[in-house]
Ligand SMILES: *Cc1c(COP(=O)(O)O)cnc(C)c1O
C-alpha cells in the first residue's frame, strides 16, 4: 500500500514496531517520563511561549477542537470563525452547540482569506479568532501573519487548528501570538489515530483554570493537572502516545521541526513539478505543504481515486459532497519520499495512456 491521503498516513518503521508490541501499564514513573519528554518536544516544535502547556487528549482532532471551544471560550465571548471548508464548518457547529456567540467568515471553495474580510470586523467588540491554519478539505493555507496582526491589533485570543499543518508548514506560536494550537496523531505526526494535542499559552491556561463549563472527559483543567506529573486523568491511548514520543524523537534526531517542514515542502514541490504536464489543475492558490488539491480537466475526480486504489494500490484522498467529482487531494505528510511521488506520477502517466486520466 502507498498512502497519499491526509490521515491516517504512513508511519516510520520504528513507530510501526511499537504498534506490534504489548501495551504497557501506564501509571508508572517510566510512562510519566515519556509524556513529560513529549510535552517538552511539542512545546519546542510549536515555538510555544514560556509557560505554555500541552494537553494530550484521547480522541481524534475533533475532540480537541471541542475541548478547546468548551474550556477556553464562554458565552461572554464574541468569536470570529473562518469557514472555508468542512473543518471551518466544524468550528462553526461547535460554537453553535456550545452557545458561543460568533460571526462566521464564509469563504468560497479555495478562496483565500484577505484583509478585506477582516477590516469590517475590526473594533467590533470581538474577543477571539478561530481558524484552521490549513483547511485540509480544500488544501488552502491561510495567511497566518495577517491573521496574527489583526488579532494583536484587536486584542483577540487566537485559536489555531493546525491539525494537518503542524510539522508541515512553518508555525511559530510565540511570534504569531497564538493562544491555542491543536494537532492530531494521524496527520503530520504520522502515528495511528486516537490522540490529539492542545498546546495552551499562559493566557489560554488562565481561561481553562477559570472555566466553569461542566464536563468530565474533555475537561482541560483535569488534563493539565494530571499532566503536571506526566499523567492523564483517564486511561489514554497508551500505545499511540508511545508512538508519538518515538516520532517526536525521530524528528529531533533528524534536525528538528525546521528540517521536517523543509522536507515536507520539498516533497510537495517535487510532486507538483512531477504532475505539471498532466491534465490536472492546482485548485488552491495558496497551498499548504501538507496537501495538494487537484482539479482534473475531464475525468471525474472520484473515478481517479477509485482507479488508483483498485488498479495501482495507491491511495489518494477523495473529496466528499458536491466536490466528489471535481476535486481530489494528494497528501505530502507521513513517511513518504520523492521516490513514492515518482511511483504515483508513473501510475498517473499510465492512466493517461489508457485514457483514464484526461
Ligand atoms: C483532520 C483534521 C481535523 C480533525 O479530524 P479528526 O477526524 O477528528 O481527526 C480537524 N481539522 C483539520 C484542519 C484537519 O485536517
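The values are calculated or read from the model by the stated rules, or taken from the named source; none is laboratory data. Not measured: the values here are computed from a predicted model. Every residue, glycine among them, receives a Cβ derived from its backbone with ideal geometry; neighbour counts consider all protein chains shown.
On the basis of being surrounded by fewer than 21 Cβ atoms within 10 Å (Cβ to Cβ), free of Cβ contacts under 8 Å to residues at least 12 places away in the same chain, more than 13 Å from the ligand (Cβ to nearest atom) and at positive phi, does residue 177 make the cut? It is false that residue 177 is surrounded by fewer than 21 Cβ atoms within 10 Å (Cβ to Cβ), free of Cβ contacts under 8 Å to residues at least 12 places away in the same chain, more than 13 Å from the ligand (Cβ to nearest atom) and at positive phi. Cβ separations smaller than 6 Å between residues 6+ apart or across chains give the following pairs from the range 51-80 residues that are closer than 22 Å to residue 105 by Cβ to residues that are part of a loop (DSSP other than H, G, I, E, B) and within 11 Å of the ligand (Cβ to nearest atom): 61/163. Just wondering, is there one or more residues in the range 64-74 that are more than 30 Å from residue 248 (Cβ to Cβ) and either more than 16 Å from the ligand (Cβ to nearest atom) or within 20 Å of the chain's Cα centre (by Cα) (or both)? For the range 64-74, residues more than 30 Å from residue 248 (Cβ to Cβ) and either more than 16 Å from the ligand (Cβ to nearest atom) or within 20 Å of the chain's Cα centre (by Cα) (or both): present.
Determine whether the range 119-127 contains at least one residue that is closer than 30 Å to residue 332 by Cβ, touching a helix residue (DSSP H, G or I) at 6+ places or on another chain (Cβ under 9 Å) and surrounded by fewer than 24 Cβ atoms within 10 Å (Cβ to Cβ). No, the range 119-127 has no match at all. With respect to (1) closer than 30 Å to residue 307 by Cβ; (2) surrounded by fewer than 16 Cβ atoms within 10 Å (Cβ to Cβ), the lone exception for residue 8 is condition (2). Can you work out which of the residues in the range 11-31 that are surrounded by fewer than 18 Cβ atoms within 10 Å (Cβ to Cβ) and within 21 Å of residue 222 (Cβ to Cβ) is farthest from the ligand (Cβ to nearest atom)? Selected residue: 29.
Going by what's in this entry, would residue 82 be described as in a loop (DSSP other than H, G, I, E, B), at pLDDT 95 or above, within 30 Å of residue 321 (Cβ to Cβ) and touching a strand residue (DSSP E or B) at 6+ places or on another chain (Cβ under 8 Å)? Break it down stepwise before answering.
On the way: in a loop (DSSP other than H, G, I, E, B): no; at pLDDT 95 or above: yes; within 30 Å of residue 321 (Cβ to Cβ): yes; touching a strand residue (DSSP E or B) at 6+ places or on another chain (Cβ under 8 Å): yes.
No; evaluated as a whole, the condition is false for this residue.
When you check residue 168 against the structure, is it surrounded by fewer than 24 Cβ atoms within 10 Å (Cβ to Cβ) and either closer than 19 Å to residue 53 by Cβ or more than 10 Å from the ligand (Cβ to nearest atom) (or both), yes or no? It is false that residue 168 is surrounded by fewer than 24 Cβ atoms within 10 Å (Cβ to Cβ) and either closer than 19 Å to residue 53 by Cβ or more than 10 Å from the ligand (Cβ to nearest atom) (or both). Looking only at residues in the range 131-153 that are more than 13 Å from the ligand (Cβ to nearest atom) and either in contact with a strand residue (DSSP E or B) (Cβ under 8 Å, 6 or more places away or on another chain) or without any contact (Cβ under 8 Å) to a residue 12 or more places away in the chain (or both), the one that is farthest from residue 41 (Cα to Cα) is 150. Taking (1) in contact with a helix residue (DSSP H, G or I) (Cβ under 6 Å, 6 or more places away or on another chain); (2) without any contact (Cβ under 8 Å) to a residue 24 or more places away in the chain in turn, residue 325 satisfies each apart from (2).
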